[in-house]
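Rule-based calculations on the coordinates, nothing more; no lab input. What you see is a predicted model, and the numbers here were worked out from it, not measured in a lab. Counting neighbours? That spans all protein chains shown, and the Cβs are built from the backbone with ideal geometry, glycine included.
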Amino acid sequence: MVKIGLDRLSEIKNLIKDRNVGILTNNSSRNSSLESSIDLIKILGPRRLKVLTPEHGYYGEEQAGEPVKSRFERGIEFISLYYGNTEKIGKNIDENMRKLDTESDQSKISGSYSLEDIDTFIVDLQDIGSRVYTYISTVINLIETQKDKVNNIYILDRPNPVTGKYFEGPILKKGFSSFIGALEIPLRHGLTIGEMARMYNDEVNIVKMNGWRRGMWYDETGLRWVMPSPNMPSLDTALVYQGNVIFEGTNISEGRGTTRPFNIIGAPWLKTERIVKIMNSISNGIYKVIETRYRPFFSKYAGNVCNGLDIHILDRENFRPVRFSLKLLHEIMEQEEFQFYEDYFDRVMGTDIVRKYLQNNDIERVFEMMEKDEEKFNEKRSGIILYKV
């Protein structure tokens, strides 16, 4: 069984006992016995504990793009580090997400004045392996606001659920940084949250895992899956998300508002029969796409029946989600109703080159560019990774 950073909390107990502690975490940050990071820190006797929360809030009750409010609960102050300024927020959560996630400043750190009395900062967040997953951006924003206390920040490392072996997609290019793109890494990055924090600032302390190997999937670690965000119900979702997240930058529903977000995509106008035949003809037994219909309860096309594509992964070791989703997108683009949300799509991809190649019907050049970026990252990551095997 893997021992995560949280299991080694006692090794830094002298930095917790009788000190003011702030922990950036959420409800999914639990050990193999499902004990929460908050409860385990309280056992070590901090003088005062403040809980800092990322996007979605502590319990994951807020959807993407929705503000998270600070509050007192059970004698603990919960401080939101995600959008304290609700003046920016509209009623359409998809528009909120596209508008707010493309910002690159630290406006999402709210109430930083409330952090001034904290002696020790602990970070325990479950990343899911994608550059656009926002928790690392909140970690980086915290590091930036605590420049004088960087040595007092401790990252409790956790597994990359879709392994640390595979990485795929274009590297984030200069000029495309945002809240969904904080590091120059591929779309599927193959790093742990500790490795990403170390990449950004190597003065941050990492409480490493024991027993984790880069080829491990989350369901091989002995840990239970607790949803790290409201649209991440399973490990299977986390894997297909690595590619299908690109549909957030289009007028295709990515399945939010259903019980299978990112595993199903679609639109009321989508013609699915030909796409299914093409995608399955090149699957080599790695995945199966089937036709479906669904009615999202919120997000794109809420209340409307969508013609959908239901994606089933049969061989996860050989499934390449970014290439799969780009090929799927390439086929969908032939339908005249299709639209890009160009700026958001480019921020997700980390470059505008992918979109421009696709619009020129040249997907092979996209794949060629990705291969070059992946080769560069393979050389770079040797100086980043904390776990060599």
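With an 8 Å cut-off on Cα pairs and a minimum separation of 6 or more residues, tell me the relative contact order of the stretch 5-230 in percent. Show your work: numbers first, answer last.
Details: 463 pairs, mean separation 50.1, N = 226.
Worked out over the stretch 5-230, it gives 22 percent.
With 10 Å bins beginning at zero, the pair-distance distribution over Cα atoms of the stretch 243-389 amounts to 11, 38, 35, 13, 3 %.
Only Cα pairs under 8 Å and at least 6 apart count here; give the relative contact order of the stretch 236-371 as a rounded whole percent. All intermediate terms of the calculation are to be shown ahead of the outcome.
Numbers: 222 pairs, mean separation 37.6, N = 136.
RCO, the stretch 236-371: 28 percent.
Calculated [222 nm] ellipticity per residue, helices only, for the chain: -7500 deg cm²/dmol; basis is -39500 (n - 2.57) per DSSP H run with n ≥ 4, divided by all residues, nearest 500. The distance from the alpha carbon centre of the stretch 205-254 to that of the stretch 136-185 is 15 Å, rounded to a whole number.
Taking 0.36 nm per residue of separation and subtracting the Cα-Cα distance, full extension of the segment from Phe72 to Lys288 would add 73.1 nm. What the pair-distance distribution of the stretch 315-389 shows, using all Cα-Cα distances binned every 10 Å from zero, is 15, 42, 29, 11, 2 percent. Here, the stretch 161-300 is characterised by an Rg to Rh ratio of 1.00, where Rg is the alpha-carbon radius of gyration and Rh the Kirkwood radius. Legend: calculated FRET efficiency, Phe297 to Lys376, from the Cβ-Cβ distance at R0 = 51 Å, rounded to 0.05, equals 0.75. Counting beta carbons within 10 Å around each of Trp212, Trp269 and listing the fewest first gives the order Trp269, Trp212. Both radii are taken from the alpha-carbon atoms of the chain; with Rh as the Kirkwood radius, Rg/Rh is 0.96.
For the pair Ser234 and Gln359, the difference between a 0.36 nm per residue extended length and the Cα-Cα distance amounts to 41.7 nm. Leu239 sits among other residues whose Cβ lies under 10 Å from its own Cβ, and their net charge, with Lys and Arg +1 and Asp and Glu -1, is +1.
Using the per-residue mean of other Cβ atoms lying within 10 Å as a proxy for protection, in what order, highest first, do the peptides 282-288, 233-239, 21-27 fall?
Numbers: 282-288: 13.3, 233-239: 19.4, 21-27: 24.4.
Top of the packing list down: 21-27, 233-239, 282-288.
Based on C-alpha pairs under 8 angstrom that are at least 6 apart in sequence, the chain has a relative contact order of 16 percent.
Applying the Kirkwood pairwise sum to the alpha-carbon positions of the stretch 5-230 produces a hydrodynamic radius of 17.7 angstrom. Bridge orientation summary for the chain: considering DSSP beta bridges with both residues in this region, about 50 percent are antiparallel.
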